[in-house]
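The values are calculated or read from the model by the stated rules, or taken from the named source; none is laboratory data. Worth saying up front: this structure is predicted, and the values here are computed from it rather than measured. Cβ placement follows ideal geometry from the backbone for every residue including glycine, while neighbour counts extend to all protein chains displayed. Ligands, DNA and RNA are excluded from the accessible area calculation, which covers all protein heavy atoms including side chains. Shrake-Rupley method; radii C 1.70, N 1.55, O 1.52, S 1.80 Å.
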Amino acid sequence: MEEKSKKILKKSGEPLVFVVHEHHARRLHWDLRLEIDGILKSWAVPKDPAEVSAAVKRLAIETEDHPYAYKDFEGELPEGTYGAGKVIIYDSGPYELLKRTPNKIEFFLKGKKLKGKYVLVKFEKAGPKNWLLMKGKE
Ligand code: MN
């Protein structure tokens, strides 16, 4: 899809945004998407990311980038297409990107369900696209 390479440029001072899509595909999962460099970097989280706490981490599997405009998407992915099923916005809002290295992303979410500091760290022991989503120390 040509759309996928479309990036947006924001004016300075405009907040970055995140969205979590609840995706009722063959297997229910949540797609965490962070606006980074004008696109939505995406991870599929097999269990409810709102349950992440100091004691609970979640596996997050890196998936393909999505265009910025996809942050507003809700609807039905048709039968016979990849990820067929209903997609709804589970949470969204502004966020701050605190630190980003190839193996670690620290960010501060300002959503309704997901709030505060989170960390994604590469967890390659479990596969090349695997990360762990955890709560950061505030
Ligand atoms: Mn998905």
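Taking (1) over 17 Å from HIS21 (Cβ atoms); (2) within 12 Å of the chain's Cα centre (by Cα) in turn, TYR90 satisfies each apart from (1). Out of PRO67, PRO46, PRO78, I need the residue that is out of contact with any Pro (no Cβ under 9 Å at 6 or more places or on another chain), open to solvent by 50 Å² or more (accessible area, probe 1.4 Å), more than 10 Å from the ligand (Cβ to nearest atom) and farther than 23 Å from LYS112 by Cβ. Which one? Sole residue among the options that is out of contact with any Pro (no Cβ under 9 Å at 6 or more places or on another chain), open to solvent by 50 Å² or more (accessible area, probe 1.4 Å), more than 10 Å from the ligand (Cβ to nearest atom) and farther than 23 Å from LYS112 by Cβ: PRO78. Where strands (runs of 3 or more DSSP E) fall entirely within segment 80-138, those with at least 3 residues that are of a type in the set (A, V, I, L, M) and at pLDDT 95 or above are at 85-101, 115-122, 130-135.
Candidates LYS135, LYS115, LYS104: the one that is charged (D, E, K, R), closer than 16 Å to GLU51 by Cα and loosely packed, with under 15 Cβ neighbours inside 10 Å is LYS115. Just so you know, in segment 20-39 the residues that are part of a strand (DSSP E or B) and either away from the ligand (no atom under 12 Å from the Cβ) or among the polar types (S, T, N, Q) (or both) include one that is nearest to TRP131 (Cα to Cα), and it is LEU34.
Of all the numbered requirements in (1) without any contact (Cβ under 8 Å) to a residue 60 or more places away in the chain; (2) within 16 Å of the ligand (Cβ to nearest atom), ASN130 misses one, and that requirement is (1).
Restricting attention to segment 81-97, the residues that are of a type in the set (D, E, K, R) and surrounded by 18 or more Cβ atoms within 10 Å (Cβ to Cβ) total 1. Look at segment 83-94: where a residue is within 11 Å of the ligand (Cβ to nearest atom) and hydrophobic (A, V, I, L, M, F, W, C) and a partner is outside any strand (DSSP E or B) and open to solvent by 50 Å² or more (accessible area, probe 1.4 Å), sitting 6+ places away or on another chain with Cβ atoms under 9 Å, you get ALA84/ARG26; ALA84/PRO78; VAL87/PHE73; VAL87/GLU74.
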